[in-house]
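The values are calculated or read from the model by the stated rules, or taken from the named source; none is laboratory data. Predicted model, so just to flag it, every value in this text is computed and none were measured. Cβ atoms come from the backbone with ideal geometry, glycine included; neighbour counts cover every protein chain shown. Side chains included, ligands, DNA and RNA excluded: accessible areas come from the protein's heavy atoms. Shrake-Rupley method; radii C 1.70, N 1.55, O 1.52, S 1.80 Å.
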Amino acid sequence: MTTTAHTTLARSEAADLPEGWTIGRPEVADGAQLWRLARESEVLDVNSSYSYLLWCRDFADTSVVVRDGRGRAVGFVTGYLRPDAPRTLLVWQVAVDASHRGRGIAGTLLDALSRRVAGAHGIDAVETTITPGNTASERLFDAFARRHGARVDRAVLFPAAAFPGDSHDAEVLHRIAPLSF
């Protein structure tokens, strides 16, 4: 792999991606597309468009975007290294354009990101939070754990009562460790 913004994948990594697609670090110019993908997912908490621009600038090293043959972002995984656990990658959001779901793209992105961050920072765990009933996310992260020989430990991180108002479900922490690459 190269260190440029657009990465040519090994054939095994690109198996689920159409010809000409690339995976790489997000750029500020991708921020609006990431915001659109999050909004259109209909399941993610959508942050301000400004936050996606900042994310693409400040957390590009721990995030990944897939671009179609025209260079347009059609999927992403955002994450960061936990300040109090710098060998843990916290995956914040995962989204793939609706017209491309069901092809394994999210898993390919998650694998590419975790390998890249492991190479640069030596991570040995991935964490994410998932609301109860989000079976697509549970399947994605359970499959990731199986591919990397890890177990998944689950515990409520933020109960519903921790959120203002009555409109947010609990967030269950999924800790995937130890990872093998």
| Hey, residue 74 aliphatic (A, V, I, L, M), farther than 24 Å from residue 121 by Cβ and open to solvent by 30 Å² or more (accessible area, probe 1.4 Å) or not | no
| field | Residue, nearest to residue 43 (Cα to Cα), within segment 167-181, restricted to residues that are outside any strand (DSSP E or B) and out of contact with any helix residue (DSSP H, G or I) (no Cβ under 8 Å at 6 or more places or on another chain) | value | 167
